[in-house]
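The block underneath contains the structure these notes are about, expressed in structure tokens.
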Amino acid sequence: MHYALLIDIVFCIIDIETTGGNHKTGKITEVAIIKHDGEQIVDEFSSLVNPGVPIPPFITELTGISDDMVEEAPPFFEIAKEVVSITDGCYFVAHNVNFDYRFIQTEFASLGFEFERDRICTIRSSRKLIPGKKSYALGKITKELGISLESHHRAYDDAYATTQLFEMLLEIDRDFLTKNLVTDKEKSKKKKPKYHKSFKVETLKTLPRAAGVYYFYDEEDNLIYIGKTKNIRARISSHFHDFTDRGQRRTSETVSVDFELTGSELVASLKESAEIKEFTPRFNRAQRKNMFNFGVFDYVDQKGYVRLCIRVIQTGEQPSYSYSSMSEGRSHLMRLCKKYELCQNLCGLYKEDGPCFQVHVGQCKGACLQQEEAETYNARVANLLEKVKLEEDSFLIIDKGRNEDEQSVIAVENGVYKGYGWAELNQTKQIEDLLDCLKAQRDNQEVRQIIRSYMRKKQYKILKFASS
């Protein structure tokens with residue numbers, strides 16, 4: 001049985017749930033991504049997604065995902081960077097791959113980002129490599145093959161079942177999958193990484209399978225790229241098999257790679273964000289510019305009402321929310337107006353003078369006509385803005401360390417990110433001692449978003465403390 005080298009190919013097995021079957025009109029409600037290096041799972045990501053539109057009852061009945069479940073979930077633009085990062089340089093694998101691929105591609109297109117990955121379809125692969133089955137639908141073929149599928153039509157369970165099926169297909173004929181069933185197969189078969197003449201390919205095999213931040217340097221020892229990952233070896237290897245023009249330029253210019261272990265995925269994300277801003281590597285241009293260029297700001301008008309508006313974020317400003325496009329911001333602000341019963345006129349969504357349309361249908365209490373007291377209306381705006389803050393005023397997040405004898409520490413004080421560090425496990429648990437191990441960092445909207453996103457996963461220990 002022939003196996004390609006582990007550094008050659010990395011796969012992302014993906015499943016999504018949606019509001020309907022048409023990628024032009026439907027929206028994603030859940031996404032799961034399982035990263036596989038050909039031998040084992042090396043990373044994964046999953047999240048509910050707020051689609052910004054009502055979920056049809058028949059979809060809720062099929063998937064179990066309701067409007068209430070996704071109300072506090074991030075919209076797609078908030079997880080877009082994670083999706084790009086984990087799939088970069090990987091084959092996009094799914095059961096009926098074009099369905100999942102087109103939906104994700106459409107979501108990115110709405111953000112002005114061109115998402116392209118080579119694809120492998122496990123339905124097509126199964127028909128070729130496991131012929132004669134009654135049905136190749138995921139629920140039926142997994143049952144026939146003895147693969148566990150606990151909650152069909154939930155993204156993670158479907159992705160995990162697809163991963164088990166994919167591993168069977170790899171055992172049967174790995175080369176057939178990677179050479180014959182990839183989209184644009186003739187083009188793909190000819191692709192080989194264009195390494196720099198001085199790059200030592202064998203160093204890829206010595207990299208650790210652990211969380212951290214990694215660095216690419218050119219022949220003049222200039223830092224040209226920074227990234228973060230749960231698995232340094234798999235992630236760096238996948239970069240060298242990113243066959244986009246930009247990916248191959250990066251590969252051809254990279255002479256050496258380095259890394260720093262963090263233990264914690266959260267610390268890796270925070271460290272990456274800070275260092276990209278500090279060192280501005282050439283191939284991190286997208287992150288330097290920041291995906292979120294539009295923000296929600298508040299101000300008090302002459303009549304005493306707190307107004308909200310969406311505009312371009314200026315250097316140094318900290319908006320309450322941030323977005324990759326004006327349309328994303330307007331869509332989100334529309335949902336917030338409905339949830340908090342705010343006036344679309346006072347939120348910059350209804351441009352006409354006089355009452356907003358929602359007054360006529362009973363969805364606005366009349367703040368635009370001064371029929372509702374400013375104090376009452378402003379209290380609801382304050383409630384909305386309060387929700388933007390981190391969940392606790394002052395707390396430490398305790399997470400994995402770089403080895404078995406330490407733990408990582410991330411601090412937020414009075415809702416402001418302070419920094420991260422590492423402490424020995426046998427070190428005293430006094431808050432003051434844990435605070436002493438911190439490396440001070442700058443607070444900004446991006447790192448707050450990173451922390452909020454991580455805290456949704458519930459994979460951490462929280463220590464609250466009273467700020468001085």
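With Arg282, Arg235 as the choices, which residue is closer than 26 Å to Arg452 by Cβ and basic (Lys, Arg)?
Going through Arg282, Arg235 in turn, the sole match is Arg235.
Taking Lys81 as the residue in question, decide whether it is touching a helix residue (DSSP H, G or I) at 6+ places or on another chain (Cβ under 7 Å) and of a type in the set (Lys, Arg).
Criteria not met by Lys81.
Restricting to segment 59-69, name every residue that is part of a helix (DSSP H, G or I) and either surrounded by 20 or more Cβ atoms within 10 Å (Cβ to Cβ) or without any contact (Cβ under 8 Å) to a residue 40 or more places away in the chain (or both).
Across segment 59-69, the qualifying residues are Ile59, Thr60, Glu61, Thr63, Asp67, Asp68, Met69.
I'm trying to understand the selection: among the residues of segment 397-415, which are outside any loop (DSSP other than H, G, I, E, B) and open to solvent by 10 Å² or more (accessible area, probe 1.4 Å)?
Ile398, Asp399, Lys400, Glu406, Gln407, Glu413
Among the residues of segment 370-396, write down those that are loosely packed, with under 15 Cβ neighbours inside 10 Å, at pLDDT 90 or above and in a helix (DSSP H, G or I).
Across segment 370-396, the qualifying residues are Glu375, Thr376, Ala379, Ala382.
Please verify whether Thr244 is surrounded by fewer than 17 Cβ atoms within 10 Å (Cβ to Cβ), more than 22 Å from Val42 (Cα to Cα) and either polar (S, T, N, Q) or under 22 Å from the mean Cα position of the chain (by Cα) (or both), treating the condition exactly as stated.
Against the criterion (surrounded by fewer than 17 Cβ atoms within 10 Å (Cβ to Cβ), more than 22 Å from Val42 (Cα to Cα) and either polar (S, T, N, Q) or under 22 Å from the mean Cα position of the chain (by Cα) (or both)), Thr244 qualifies.
To keep it simple, each residue is scored yes or no on (1) assigned to a strand (DSSP E or B); (2) of a type in the set (Phe, Trp, Tyr); (3) closer than 17 Å to Val84 by Cα.
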| residue | (1), (2), (3) |
| --- | --- |
| Tyr225 | yes, yes, yes |
| Arg235 | no, no, yes |
| Phe259 | yes, yes, no |
| Glu278 | no, no, no |
| Arg285 | no, no, yes |
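For segment 52-84, how many residues meet the condition of being aromatic (Phe, Trp, Tyr) and at pLDDT below 90?
The total comes to 1.
Listed residues Phe99, Phe113; which is part of a helix (DSSP H, G or I), among the aromatic types (Phe, Trp, Tyr) and surrounded by 15 or more Cβ atoms within 10 Å (Cβ to Cβ)?
Selected residue: Phe99, the only one of Phe99, Phe113 that is part of a helix (DSSP H, G or I), among the aromatic types (Phe, Trp, Tyr) and surrounded by 15 or more Cβ atoms within 10 Å (Cβ to Cβ).
Determine whether segment 353-362 contains at least one residue that is at pLDDT 85 or above, surrounded by 18 or more Cβ atoms within 10 Å (Cβ to Cβ) and either aliphatic (A, V, I, L, M) or touching a helix residue (DSSP H, G or I) at 6+ places or on another chain (Cβ under 8 Å) (or both).
No; the residues of segment 353-362 include none that is at pLDDT 85 or above, surrounded by 18 or more Cβ atoms within 10 Å (Cβ to Cβ) and either aliphatic (A, V, I, L, M) or touching a helix residue (DSSP H, G or I) at 6+ places or on another chain (Cβ under 8 Å) (or both).
When segment 191-212 is examined, which residues are found to be in a loop (DSSP other than H, G, I, E, B), farther than 19 Å from Arg250 by Cα and open to solvent by 40 Å² or more (accessible area, probe 1.4 Å)?
Arg209
Which of the numbered conditions does Ile232 fail, given that it passes all the others? Conditions: (1) surrounded by 23 or more Cβ atoms within 10 Å (Cβ to Cβ); (2) more than 17 Å from Asp88 (Cα to Cα).
The one condition Ile232 does not meet is (2).
Would you confirm whether or not segment 90-106 contains a residue that is farther than 20 Å from Thr162 by Cα and among the acidic types (Asp, Glu)?
Within segment 90-106 (the criterion being farther than 20 Å from Thr162 by Cα and among the acidic types (Asp, Glu)), the answer is no, since none of the residues qualifies.
Just the residues that are in contact with a helix residue (DSSP H, G or I) (Cβ under 9 Å, 6 or more places away or on another chain) and modelled with pLDDT under 90, please, taken from segment 192-208.
Scanning segment 192-208 gives Pro193, Lys194, Lys205.
Considering Glu78, Glu17, Glu44, which residue is open to solvent by 20 Å² or more (accessible area, probe 1.4 Å), assigned to a strand (DSSP E or B) and either touching a strand residue (DSSP E or B) at 6+ places or on another chain (Cβ under 8 Å) or over 23 Å from Arg233 (Cα atoms) (or both)?
Matching residue, one of Glu78, Glu17, Glu44: Glu44.
Scan segment 240-256 for residues that are modelled with pLDDT under 90 and either of a type in the set (Phe, Trp, Tyr) or not in a loop (DSSP other than H, G, I, E, B) (or both) and jot them down.
Result: Phe240, Phe243, Asp245, Arg246, Gly247, Gln248.
Among the residues of segment 1-36, which ones are of a type in the set (D, E, K, R) and modelled with pLDDT of 85 or more?
Asp15, Glu17, Lys24, Lys27, Glu30, Lys35
Can you give me the number of residues within segment 110-125 that are free of Cβ contacts under 8 Å to residues at least 40 places away in the same chain and over 20 Å from the mean Cα position of the chain (by Cα)?
1
Which residues, counting only those in segment 131-153, are crowded, with 17+ Cβ neighbours inside 10 Å and in contact (Cβ under 8 Å) with a residue 40 or more places away in the chain?
Leu138, His153 - these are the residues of segment 131-153 that are crowded, with 17+ Cβ neighbours inside 10 Å and in contact (Cβ under 8 Å) with a residue 40 or more places away in the chain.
From the list Gly295, Gly366, Gly316, Gly329, pick out the single residue that is more than 32 Å from the chain's Cα centre (by Cα), among the small types (Gly, Ala, Ser) and either farther than 30 Å from Glu220 by Cβ or modelled with pLDDT of 85 or more (or both).
Gly366
The values are calculated or read from the model by the stated rules, or taken from the named source; none is laboratory data. This structure is a prediction, so every number in the text was calculated from the model and none was measured. Here Cβ is always computed from backbone atoms with ideal geometry, including for glycine, and neighbour counts include all displayed protein chains. Each accessible area value is taken on the protein alone, full model and side chains, heavy atoms only, with ligands, DNA and RNA left out. Shrake-Rupley method; radii C 1.70, N 1.55, O 1.52, S 1.80 Å.
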